[in-house]
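To start, the structure under review is shown below, and the notes come after it.
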Amino acid sequence: MQLKNVKLIYLREMRDQLRDRRTLFLIAVLPLLLYPLLGTSFFQLTQFLQKVEARVLVVGTRQLRSADWLPPLIRDNRFDLQLFDQPDWHDKIELYSPRDFPDLADDLRKGKSLPIAGAAPQASADEAAFDAAAKQLLDAGKVEAVLVFPNGFEDRLRDVRQALVQRKAAGATAFPEPIILYNSADDKSQVTQLRVDQILRRWRNEVTAENLTASNVPVEATTPFELRPRDMAQMQQRQAAVWSKVLPFFVFIWALTGAFYPAVDLCAGEKERGTLETLLTSPALRREIVWGKLLTVMTFSVVTALLNLGSLGMTGKFVIDNLSKSGAFGATEAMTMPPLTSLLWLAVALVPISALFSALCLACAAFARSTKEGQYYLMPIMLVTMPLMMLPMSPGVELNLGNSFIPVTGMVLLLRSVIEGQFALVLKFVWPVLGVTLICCLLAIRWAEEQFNRESVLFRESERLEIGRWLVHLVRDRQATPSFAQAALCVAIILITQFFVSLSAGMTGEFDFAFLAKAILVSQLACVFAPSILMTIMLTREPAKTLLLERTPRWSHLWLMAVLALALHPVVVAGANQITKIYPVPEATEQIAESIGSALDGAPHWLAALALMALLPALCEELAFRGFVLSGFRHVGHKWWAIALSAVAFGLVHTFLHQKISATMMGMIIGYVAVQTESIWPCVLLHTIHNSLQLSIHKLAQTAELNPSSPVGVLFGGESPLLYRTPSVLICAAVAAAILWRLHGVRYSRTVEEQLEEARQRQDSPLLGA
Amino acid sequence: MIEARNLSKAYADLHRGQFVALDGLSFTAKPGEVYGLLGPNGAGKTTALRILSTVLQPTGGTAIINGFDVVTQPSQVRAHIGFMSANTAVYDRMTAWEMVEYFGKLYGIDDERLRDRMEHLFDRLQMQEIRDLLGAKMSTGMKQKVSIARAIVHDPPVLIFDEATNGLDVLVARSLLEAVAELRDQGKCIIFSTHIMREAERLCNRVAIVHHGRLLAEGPIDELREKHAQHDLEDLFFDLIRANERRLAGAPAAN
């Protein structure tokens, strides 16, 4: 790959995009206009909201007017100004009396009677009529709330005061209650109720204070102490907490959007305009083309995100400044601008995320035949990436080793920790997060390159959807070994059948050996064996070659595999132990493992247990994953890619996380064995012995404990009885490595794609220096 | 020098099963000649030429262009050919000058030499007036000129024209043919595919008639006329195709 060409292509694509009015509008102009426009309309809205006034009908005020010993509640037909927290509401609440409504129902006009002292409040006919009249008034929208002072309210207040002054108990148990009637289904009514409620509470406090003064009791009698919670978070910290959740999501969404549209234009658009073939006939390598385009897409992704952030920031600052001046929000403190350092960190994290999104978009866009088709792929990309961006926003999700291995999510969490200033935590997890992001980037780029290398993608013609013909075509024109897509489909089918079988296989009765046997038989035969064998027979011309059954294995290989299995076991156990340290085994998993163990104890013969748990899975899984799936994946053109992919697929079909990880690692080794020996039997042997050792590890450990001087005893006795000693692990690892190295020298047959790739490598390598 | 050796290309096709677009096509084109590839639409001409330009991979056989193998040395092959077809468009948002300059740089020509070469080409092809015109604003004829300039900016020894006169009016087509003839006289090895017999007669030293991915006849036009006792090239072409179609239709019955 020549950097000169990448730069040339990059500069051309940039210029091309900058000359495209549509792209420029979307990337640069829209964000500059969008937020100011939104801000303006927000202002219009708040101004409109501020004009809204609340109307309250107050019934029974006559009694208050005559009582000049009470602190004032209503003055000049409004609530008293002293009673408001925010003075501007004083002018916004208008009070009405029943006289203002000439056609008011008599029930309302009369007012309401207090429940008689001591008697249970009854719903009288009068009361029902009163409520109905009030509801009618509220529903008609004439007032937002009705405040009722029941008849006798003032008398009751006077009684209470006198009782207090004369130091005797008040005569009644029921206090006179003013009532606020409102409609919670109506926002305005709800807000009015809250305001009126607040005013009445204030007024009540004033009444209490005056009562206490009149009776010579200090005011502190009612409130001996005040509660005063103090938030120890500094203002900056509080803001960081808010912004660190919102900003990454916002910026990354724009990074994705900013990557998508240029990607579609650069790939599908070029196909549509016929310029892609022109470029392909130039000496530029496909890889250089992909990198040039990728850098362009990435530039747009980063710039879009930054422009949006900048524009939002400017508008936000303006709006917030104005809002805090007018005091429209109580919580203006939480709404200041994010600190500059968080923005800088955000910009730093944006680069790898943009790279990942750009490569993803590029690969999808390369697949599309036209821009129209390209636009359809935005939704699937969003569906995949959105949950990854949303996950960190859910409460309780924190940066730990497990989360740092999740792409995008790990980066968002890391970013949050940086913004919040937890640098110790950041240092601990920065490498896994960066590593995972880098690996995902490389995979996505490789995928995009792959798309550009495929003729069927570059010169895709539109075809009618004819499922029948397509199925016929699949069987009629089958290849010697399965295609990459067929292998991937096989993995998907295995995963899906496993999912449904595990859903439908509810626990019925006891978890004994018979149940376990049934479960294993179904999951292995129906979910793994059947799909892969059926697909082999239907979709390949040479089933024996596909399943690696063509060649009889060499005895030397079989012996080697037996030794390899024995040597690998301590290494795998040690590895599994390390994994458990990172991801502690959930209790539920341990319980299941225990119940499987006890079910196996009930096996009729230990050989039956081994056949069920070791031989059967080894046979089925090897035929599926080293047979069909690996044969299909080897069409990618590089054996290590094929081995890695089949290993990941093999890991995926295992149930628990720990199994998934160790199975993936075992899958790498067995896959390598399959490629080098070209026979399934060494793989089956290796797998069976490994499974058997896993099953009997408890027995082995017991033997070792009972007899420490036996060969098994020398091996065992690490940190716990179930672990091998470190020296034995190291020796075994060396033996395993030696065996694998020996296999490396074996001549193996390459697929057509692999031969081609090697020929290309030979051709490209002298060019590197040029 | 182009040497196609037993080129084959098969696609998986929903309707026809394994569809053979090219079936063991072999031919040789020498420097200083225009080798005509004649055939009806769908004969496999475009497929063959795409393989020669390394955009497609053959499923069998190979081709050697100027000593480089199209399968294993694609980038060297691309550096030594100029390719122009009805499918290779010019960029809408680039001017004529920028477009040719871009490809010149991709071919690794140094700046000074590139400028001289381009001035020469722009004069020669009478493109000075469209120098700063965007591709989107060009007429078909102008685009065609830009494409020729783009294809020969690096002065390649081998040139491939795939139905390059498709959709051109008589004037533009004629000037293109003249340009090709001139390149031939400069000693380039040129492959020119077309289904218009008059063009082949005017231009080609030798022709190959291709149908269903197979070579039906090959040789200098005069030799072919004599051999098949048919003076008119179009009639000769028609007869060969008809005979081949009859043979293909009869073949399954014979089996």
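Under 5 Å from the amide H of B:VAL210 lie the amide H atoms of B:LEU38, B:GLY39, B:LEU216, each residue being 5 or more positions distant or on a separate chain, with H modelled from the backbone and absent for Pro and chain starts. Take each residue in A:278-291, count the other chain C-beta atoms within 10 Å of its C-beta, and the mean is 6. Not counting the cut sites, what is the longest span of chain A without trypsin sites (Lys or Arg not before Pro) that DSSP labels loop and that have at most 10 other Cβ atoms within 10 Å? Excluding the exposed sites themselves, the longest stretch runs over A:465-746.
Which whole-number percent of Cα pairs in the protein assembly as shown have a distance greater than 56 Å? Distances greater than 56 Å cover 42 percent of the Cα pairs.
Within the accessible surface of the protein assembly as shown, defined with a 1.4 Å probe on protein heavy atoms only, the carbon and sulfur portion equals 61 percent. Net charge in the neighbourhood of A:ARG551 (other residues with Cβ under 13 Å of its Cβ; Lys, Arg +1, Asp, Glu -1) is 0.
Taking every alpha-carbon pair within segment B:133-255, the share separated by more than 22 Å comes to 47 percent. Applying 1/(1 + (r/R0)^6) with r as the Cβ-Cβ distance of A:ARG15 and B:GLU129 and R0 = 30 angstrom yields a FRET efficiency of 0.85.
Applying a DSSP loop filter and a limit of 13 other Cβ atoms within 10 Å to the trypsin sites (Lys or Arg not before Pro) in segment B:2-61 leaves B:ARG16.
Using the Kirkwood radius over C-alpha pairs as Rh, can you work out the diffusion coefficient of segment A:467-769 via Stokes-Einstein at 20 °C, viscosity 1.002 mPa s, in µm² per second?
Details: Rh = 20.8 Å.
The Stokes-Einstein estimate is 103 µm²/s.
Applied to segment A:36-42, the Karplus parametrisation 6.51 cos²θ - 1.76 cosθ + 1.60 on θ = phi - 60° returns per-residue 3J(HN,Hα) values of x, 4, 4, x, 4, 5, 5 Hz, with x for Gly and Pro. Of all the options B:LEU114, B:LEU171, B:LEU38, the one that moves most in a Gaussian network model of chain B with Cα springs shorter than 10 angstrom is B:LEU171. Over 27 Å apart at the Cα level, from the set A:LYS4/B:LYS30; A:LYS4/A:LYS271; A:LYS317/A:LYS428, are A:LYS4/B:LYS30; A:LYS317/A:LYS428. Mean per-residue shielding of peptide B:92-104 is 3, counting Cβ atoms of other chains within 10 Å of each Cβ.
Amide H contacts of A:ILE74 (H built 1.01 Å from N, in plane; Pro and chain starts excluded): A:ASP80 sit under 5 Å, all sequence-distant by 5 or more or on other chains. With the charge dipole of chain A set up from +1 on Lys and Arg Cβ and -1 on Asp and Glu Cβ about the Cα centre, the Cα lying farthest toward the positive end among the listed residues A:THR222, A:MET411, A:TYR96 is that of A:MET411.
For B:ASP162, the shell of other residues with beta-carbons less than 9 Å away shows a net charge of +1, using +1 for Lys and Arg and -1 for Asp and Glu.
Under 5 Å from the amide H of A:ASN151 lie the amide H atoms of A:LYS112, A:SER113, A:LEU114, each residue being 5 or more positions distant or on a separate chain, with H modelled from the backbone and absent for Pro and chain starts. In order along segment B:140-156, phi translates into HN-Hα couplings of 4, x, 4, 4, 4, 5, 4, 4, 5, 4, 4, 6, 10, 4, 9, 6, x Hz, rounded to whole numbers, per the Karplus curve 6.51 cos²θ - 1.76 cosθ + 1.60 with θ = phi - 60° and x for Gly and Pro. Ligands, DNA and RNA aside, B:TYR91 has an accessible area near 10 Å² when probed at 1.4 Å.
Relative contact order of segment A:467-769: 25 percent, from C-alpha pairs under 8 Å at least 6 residues apart in sequence. Taking every residue in B:105-111 and counting other chain Cβ atoms within 10 Å of its Cβ, the average works out to 4. Cross-link partners of B:LYS9 among lysines, defined as those whose alpha carbon lies under 17 angstrom from its own and excluding same-chain residues fewer than eight positions apart: B:LYS45. Go ahead and run the numbers for FRET between A:GLN166 and A:ASP68, Cβ-Cβ distance against an R0 of 25 Å, rounding to 0.05. It comes out at approximately 0.75.
The fraction of all Cα pairs in segment B:2-254 landing in successive 5 Å bins from 0 to the largest distance is 1, 6, 13, 16, 18, 16, 13, 9, 5, 2, 1, 0, 0, 0, given as whole percents.
For A:LEU615 and A:PHE249, a Förster radius of 56 Å and the Cβ-Cβ distance give a FRET efficiency of 0.65, rounded to the nearest 0.05. Straight-distance candidates among the lysines for linking to A:LYS168, with alpha-carbon spacing under 30 Å and chain neighbours fewer than 8 residues away dropped: A:LYS112.
The values are calculated or read from the model by the stated rules, or taken from the named source; none is laboratory data. A quick note: this is a predicted structure, and the numbers were derived from the prediction, not measured. Ideal geometry is used to build each Cβ from the backbone, glycine not excepted, and the neighbour counts take in all protein chains shown. Surface accessibility is based on the protein's heavy atoms, side chains included, excluding ligands, DNA and RNA. Shrake-Rupley method; radii C 1.70, N 1.55, O 1.52, S 1.80 Å.
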